[in-house]
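Since every read-out is calculated from the coordinates, none of them should be taken as a lab result. All values reported here derive from a predicted model rather than from experimental measurement. For neighbour counting, all protein chains shown are included, and Cβ atoms are generated from backbone atoms with ideal geometry for every residue, glycine included.
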């Protein structure tokens, strides 16, 4: 094991050692972040449910829509927005350790290839919070369903929609995943280039890009009109473009990380 | 897919083989561990910290890196460790560029910067997590160092004072047994006993395979440890880059009382309490004296070309 550790190629064992070290060294901080995710999901669910079920009771929808869960859609929309927000925040903190000279030295001098150190941080600060968020949503929503089923005359519906019901859902989920990957890699790139206030800087760039995009659409929107008649092609093009952006941004951030100096 | 994987592995094996071959050839030819060739570096374009610097660090020995503020002592340590990359020229360790930051190089270099952070875990946990990255790490040496510094391995390092953190980090750095140990202002923040312990540890941890480079302003803290002295001057070029034995052979450091006859070979003097500190050129008759690092430093600052000439003359 010890002789292997100095090999110059990518080693899974060393990647695991880096992950373990990063998690155990920052256990307190990571624990707080995870608790915050659970807390935000829980509070959002409670607020949305109380609002949705109150409206439902007041408007006496019982006889009209007994099989329609009034909280499902608002929760789904809220969780999509919250998920994107959490992914963006987490990704913008990926390379926060590069903010200080001491952090940079610690990071760059650890024994490992640049790829191992890069993926350690991306997995811990980019991928893990997203997966943890998804798991929290599933568990908390499952509890909501059980509680609602037992105390209300309504069949609660699980917020995570079954993707295998029809092709449209699969497509929607694929598009959402590629969009999330795109957002995550964008904020990761901002974090490598400018670790200080990466989230705020990322948001500013998005606002600027959106303004530019809106102006472009307003001015040259006509050129997109033919896509209206080829929705399937438009969908696959959008999916391809988003995935390509995510891949390109990930490669760019890796190269920048590799070239980082003090 | 498997073919591609095999192909990449094959390319990597060839690359590793070439790197090891280069290292072996370098080691056969000389025992120069670190070679700095035609190094030019500046944080801003046109403002060079180093301009065409050439320096060799041999295996084994304690190097003292001295110089005024802003002359690039810490920068040189960062360039050696690969944290910075030269604008021109190269820094190599056993023939491999340190700027590549390959794991095989990183596992042989440890840097203790002036400012560092330690995670909020116990020293025991810290060592368990970090020691596996260093093949020659010795837990026995670590516990010995920590014991001498009076540090407990079960206390969370977040509760340590600045000095205690430095002691803990130094203990870890020494126990890593890396071939190159770079220390930037290592005695800053240490108390009097801490400084004495530091000197003792450095001396006791030395062996022929290990090179320690100490950059410091606290010259009295390291005076007796050094085997080789590098004093940086303008443009980061070394005014002195000589072994201590050579300096002691060429120069004589004395303190003469007020009214005493000065030496004929005197090249530098400075008044001190009750007399003058003088540096003179050593003749065959004059006895070998202990180097006064403070005087040598001032001499290098005031008469750089003269001292260079003296040390170059064999």
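Numbers for the structure displayed
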| read-out | value |
| --- | --- |
| Label point at residue B:162 placed 7 Å out along Cα→Cβ; residues across region B:221-241 whose backbone nitrogen lies under 20 Å | B:221-222 |
| Candidates A:75, A:245, A:207, ranked by Gaussian network fluctuation over chain A, Cα under 10 Å, top entry | A:207 |
| Normalised contact order of chain B, rounded percent, pairs of Cα under 8 Å and 6 or more residues apart | 18 |
| Of A:44, A:194, A:214, the one that fluctuates the most in a GNM where chain A has Cα springs shorter than 10 Å | A:214 |
| With Cα atoms, 0 to 90° folded angle of helix B:293-302 axis to chain B main axis | 80 |
| Rounded to 5, the percent of DSSP beta bridges in region B:32-236 classed as antiparallel | 45 |
| Average partner coverage of B:133-140, which counts Cβ from other chains inside 10 Å | 3 |
| Principal-axis tilt of helix A:167-193 within chain A, Cα atoms, nearest 10 degrees | 40 |
| Region B:163-224 and region B:267-314: distance between their alpha carbon centers, rounded to Å | 27 |
| Residues of region B:275-304 with amide N under 13 Å of a point placed 7 Å along Cα→Cβ from residue B:266 | B:275-281 |
| For peptides B:33-45, B:109-121, sequence by mean Cβ density within 10 Å, most packed first | B:109-121, B:33-45 |
| Cβ neighbours within 10 Å from other chains - mean over A:251-261 | 1 |
| Value at 222 nm in deg cm²/dmol, rounded to 500, when DSSP H runs of n ≥ 4 in chain A each add -39,500 (n - 2.57) | -24500 deg cm²/dmol |
| Share antiparallel - DSSP beta bridges, the protein assembly as shown, percent rounded to 5 | 65 |
| Rounded to 10°, Cα long-axis angle of helix A:12-25 versus longest principal axis of chain A | 70 |
| Most fluctuating residue given options A:146, A:122, A:38, as computed from a GNM of chain A linking Cα atoms under 10 Å | A:146 |
| Ordering of B:247-260, A:94-107, B:151-164 by burial proxy (mean other Cβ atoms within 10 Å per residue, highest first) | A:94-107, B:247-260, B:151-164 |
| Helical mean residue ellipticity (222 nm; -39500 (n - 2.57) per DSSP H run of 4+; nearest 500) of chain B | -11000 deg cm²/dmol |
| Sites residue A:225 and residue A:261 - FRET efficiency at Förster radius 60 Å, r taken between beta-carbons, to 0.05 | 0.80 |
| Shielding by other protein chains, B:71-81, mean Cβ within 10 Å | 1 |
| Share, in percent, of DSSP beta bridges within region B:123-242 that are antiparallel, nearest 5 | 45 |
